[in-house]
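The values are calculated or read from the model by the stated rules, or taken from the named source; none is laboratory data. Please read all numbers here as calculations on a predicted model, not as lab measurements. Methodologically, a virtual Cβ is constructed for each residue, glycine included, from the backbone with ideal geometry; neighbour enumeration extends over all protein chains shown.
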Amino acid sequence: MSDVVTMDDLSNEEILSILDDSERLVPVAKGEVHLPLLEGKVLANMFYENSTRTRMSFETAMKRLGGSVLNFSSTGTSVAKGETLFDTMQMVDGYADIAVIRHPRQGAAQYSADAIGIPILNAGDGAGNHPTQTMLDLFTIREAHGTLEGLNVVLVGDLRYGRTVHSLSHALTRFGAKLTLVSPETLRMPDEIVTDLRSSGSEISETTELSDVIPEADVIYMTRIQKERFPDEDEYTKVAGIYMLNATDMDGSKDGMIVMHPLPRVGELHPSLDSTKNARYFQQAFNGVPTRMALLCRSLGVKIPKKVKK
Ligand code: CP
C-alpha cells in the first residue's frame, strides 16, 4: 500500500529507510544536484485549508525531482459551487499520478484514499494526523541527536487539537522515547491517544508547567494553540499565549537540547531564541523538502540511488 494517511502506514523499518533516503536527497533538495527521478509524474497538491510549508515543500520536492504540480485550493475552484470531495477526487485520479491532501475534516485523507486509486499523502486532516510532518520531525531529531532511540521529548501547547503532536507522539514512542506532555487542562492530549501510547509500554507524564521540565529535555516541541479549531472564541482567549520560550529559558538546559515547532509560530517562540544553538525550527521546515521527496518516491515506486553524486 503506498498511501500515507497515518504513521501506522509505515513500519519502523520503513521510517528509518525513508530517513536514510531523505539524508541522501539533501543536495537535491538544495538544488545542488540534478536528479530527475520523477520526470513526467504529476502531483496534485490539494489544499482545502491554509498552508505555507507543507504546500510549498511538496511543490519544491516534486519540482526538484523533475515532476510537475497541479495546485488546488477550495477557493477559486468548483468547491465554491458545491462540488463534493468525492467528485473532486475522481478528477484528480485522472489528472495526476499522486495527490497530497489537507482538509479541515478528520478522516478526509482516508476517505480520499478509499475513493480513488492513485497514492494519497495526508498533509493534515482536521485535528487528526499529519504524518509527513512527523517524518520531517523525526529527520530533524535524528539529525540533531544521531538517533531516535530513548530520547526525552517534551510536547508543549495545544495537544488536543494539534495534529502534528498526535502523529509524532505515536512515532516517537515506537522508538522508545519518553514523552512529557505539557498543556493547559483544556488542551490535554486526548485520553484515547494517551491510553494507546501507555498501552505500548511508553513512559508518558503530563504537567501544566513547562519551566519544570526544560532541564531534562532532549527535545522541546512547541506548538501553536489552534485557534481555528475552537468552537468558542472565549475558550481560546483563556489559553492564548500560555506557553512562550525565549533565549534565557535555555539557561540550564541539557547540552544538545533542541527546540522545534511545526510553525507558524504566533508568539510561542520569542525572536531572541532564533540565534541560539537550540533553535531548530527553520532547519526543521527545510527538512520538509528531502523527506517529502523520499515519501513521493516511495509512494510512486521510484527507487532512490544508494549514492547521489554531486
Ligand atoms: N507545519 C505545517 O503544517 O505548516 P503549514 O500549515 O504552513 O503547512
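A few comments on the model shown:
- Residue selected from the stretch 47-56 under the condition more than 12 Å from GLY288 (Cα to Cα) and not acidic (Asp, Glu), by the criterion nearest to the ligand (Cβ to nearest atom): SER51
- When GLU216 is tested against the conditions (1) within 22 Å of the chain's Cα centre (by Cα); (2) in contact (Cβ under 8 Å) with a residue 60 or more places away in the chain, the lone failure is (1).
- Taken over the stretch 109-131, the criterion of being within 16 Å of the ligand (Cβ to nearest atom) and surrounded by fewer than 24 Cβ atoms within 10 Å (Cβ to Cβ) is satisfied by GLY126, ALA127, GLY128.
- Residue check for THR54: outside the structural domain of LYS227 (by TED's automatic domain parsing) and modelled with pLDDT under 95: no
Results for (1) assigned to a helix (DSSP H, G or I); (2) in contact with a Leu (Cβ under 6 Å, 6 or more places away or on another chain); (3) within 16 Å of LEU121 (Cα to Cα); (4) in the same structural domain as LEU295 (by TED's automatic domain parsing), shown as yes or no for each residue.
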residue	(1), (2), (3), (4)
VAL26	yes, no, no, yes
GLY31	no, no, no, yes
HIS34	no, no, no, yes
GLY40	no, no, no, yes
ASN45	no, no, yes, yes
GLU49	no, no, yes, yes
PHE58	yes, no, yes, yes
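- Residue match in the stretch 57-72 (condition: surrounded by fewer than 18 Cβ atoms within 10 Å (Cβ to Cβ), in contact (Cβ under 8 Å) with a residue 24 or more places away in the chain, farther than 22 Å from GLN284 by Cα and within 15 Å of the ligand (Cβ to nearest atom)): yes
Residue-by-condition table, conditions (1) more than 24 Å from ASP249 (Cα to Cα); (2) assigned by TED's automatic domain parsing to the domain that holds HIS103:
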{"position": "LEU121", "(1), (2)": "yes, yes"}
{"position": "TYR161", "(1), (2)": "yes, no"}
{"position": "LYS178", "(1), (2)": "no, no"}
{"position": "GLY201", "(1), (2)": "yes, no"}
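- Among the residues of the stretch 267-294, those identified as modelled with pLDDT of 95 or more and part of a loop (DSSP other than H, G, I, E, B) are GLU268, HIS270, ASP274, SER275, THR276, LYS277, ASN278, ARG280, ASN287.
- Put simply, of VAL79, VAL4, VAL28 the only residue that is within 17 Å of ARG102 (Cβ to Cβ), of a type outside the set (S, T, N, Q) and crowded, with 18+ Cβ neighbours inside 10 Å is VAL4.
- Of the residues ASP212, ASP234, ASP251, ASP274, the single one that is under 22 Å from ALA177 (Cα atoms), away from the ligand (no atom under 16 Å from the Cβ) and surrounded by fewer than 17 Cβ atoms within 10 Å (Cβ to Cβ) is ASP212.
- Taken as a whole, the structure places ALA99 among residues that are assigned by TED's automatic domain parsing to the domain that holds ASN50, touching a residue at least 12 places away in the same chain (Cβ under 8 Å) and crowded, with 18+ Cβ neighbours inside 10 Å.
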